[in-house]
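Asks: Before I ask anything, here is the structure I am working with.
Each value in this text was obtained by applying a stated rule to the coordinates, not by laboratory testing. All of these numbers come straight from a predicted model, not from anything done at the bench. Because the Cβ atoms are built from the backbone with ideal geometry, glycine has one as well, and the counts that use them run over all protein chains shown.
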Amino acid sequence: MQKTALILGTSGRFGRHMAAAFQARGWSVTPFDRARDDLAEAARGKDIIVQGWNPSYQHWQAQVPGQTARVIAAARESGARVILPGNVYVYGPDMPSRLAADTPHRAQNPLGRVRREMEAAWRASGVPTILLRAGDFIDIQASGNWFDRVLTARLSRGTFTYMGSWDVPHAWAFLPDLARAAVDLTERRDRLARFEEVPFPGYTLTGTELAGALEQATGRSLRRKSFNWTMFRALAPVWPLMRHVVEMRYLWDGPHALDGERLRALLPDFRPTPLVEALRQAVAAW
């Protein structure tokens, strides 16, 4: 029997990698076209729905609840299991340094509350769900995330720019690995709870460690520069996007790592891409 997956957000980072990972495993993949397709109809008969829709920060409060309700309704009608990418926003600025599946969600800031409420809606829905929680993304092409937009934007000129404290551990996820783990979990879904939250450990690195690994990946010495937040703070009162970017500033100075115990229990044979090789792939395109 053919395995089928509906991908919401194939033009986005997570959706694009999920489509590629499913196709590599022989799944039949259907990209959803918001301009043309009906969600309930597109979901009918699918085994998996990948919820890769992610509006810009300034639209989260207005759009995320409605998107969540729509996808829950479509999944409930179709009987599909949903793959949902999670982040660390739900924990808030006072989060502990080690983040596990049972770590309380206590965020009170605007973006954190949106994510808390979204995840709570999925937990309460009864829809079979895999929530794969990860840190900041490392992509294999420039896709507008912090890694390529700021940290490595001047790598060709020999400069690495870091957005926080250089000695504080920060969580990262290599997107091809994250997508591969999601497909692995999907193919073992008979072993999962109805709502299965799985932290993805990825790489936990200080800014100094990341700069050193990039030097190994590129074979060159890099100048290390601290990002200047002054302009972002100045624009925050008049530009909603910048207001939310500054709101999440704490993630660059608060140590955090995702606990890998649950992933190892479910996928004992999963092997992540070695860090230097992942970075080599990530910066090869630019």
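Asks: What number, in percent, do you get for the relative contact order of the chain if the mean sequence gap of Cα pairs under 8 Å and at least 6 apart is divided by its residue count?
Replies: On the way: 512 pairs, mean separation 56.6, N = 286.
So the answer I get is 20 percent.
Asks: Another question, if that's okay. Would you calculate the volume per residue, in Å³, of the smallest convex hull containing every Cα atom of segment 220-286?
Replies: Details: hull volume 12.1 nm³, N = 67.
It is 180 Å³ per residue.
Asks: Additional query: So what's the gap between the Cα centers of segment 183-201 and segment 15-78, to the nearest angstrom?
Replies: Comparing the Cα centres of segment 183-201 and segment 15-78, I get a distance of 18 Å.
Asks: Something else: Could you tell me which of His105, Leu155, Ala278 has its Cα farthest along the dipole of the chain towards the positive end, charges placed at Cβ (Lys, Arg +1; Asp, Glu -1), taken about the Cα centre?
Replies: After comparing all options, I get Leu155.
Asks: Which of Trp239, Trp53, Trp172 moves the most in a Gaussian network model of the chain with Cα springs under 10 Å?
Replies: Between Trp239, Trp53, Trp172, it is Trp239 that shows the largest mean-square fluctuation.
Asks: Moving to a separate point now. How large is the convex hull of the Cα atoms of segment 184-262 per residue, expressed in Å³ as a whole number?
Replies: Considering the Cα atoms of segment 184-262, their hull volume per residue is 172 Å³.
Asks: Hey, what number do you get for the chain at 222 nm if only DSSP H runs of n ≥ 4 count, each worth -39500 (n - 2.57), divided across all residues, to the nearest 500?
Replies: -11000 deg cm²/dmol
Asks: What are the membrane-span-like helices in the chain by this rule: whole DSSP H runs, Cα extent along the axis at least 20 Å, mean Kyte-Doolittle hydropathy at least -0.5?
Replies: 60-78
Asks: Can you compute log10 of I(q)/I(0) for segment 70-128 with the Debye formula, treating each Cα as one identical point scatterer, at q = 0.15, 0.20, 0.21, 0.30 Å⁻¹?
Replies: -0.50, -0.77, -0.82, -1.23
Asks: List, largest first, the extents of the alpha carbons of segment 191-232 along their principal axes, each in whole Å.
Replies: Over segment 191-232, Cα extents along the principal axes are 48, 32, 13 Å.
Asks: What whole-number value in cubic angstrom gives the convex hull volume per residue for the C-alpha atoms of the chain?
Replies: Roughly 132 Å³ of hull volume per residue.
Asks: I need the shape label for segment 144-286. Rule: rounded when a/c is under 1.5, else prolate if a/b > b/c, else oblate, with a, b, c from the alpha carbon gyration tensor.
Replies: In terms of gyration-tensor shape, oblate.
Asks: Which net charge results when you count Lys and Arg as +1 and Asp and Glu as -1 among the other residues whose beta-carbon is under 11 Å from that of Val127?
Replies: Surrounding charge for Val127 is +3.
Asks: If you don't mind, another one. For segment 46-173, what D do you get in µm² per second when you plug the Kirkwood radius from alpha-carbon pairs into Stokes-Einstein at 4 °C and 1.567 mPa s?
Replies: D, rounded to a whole number, is 79 µm²/s.
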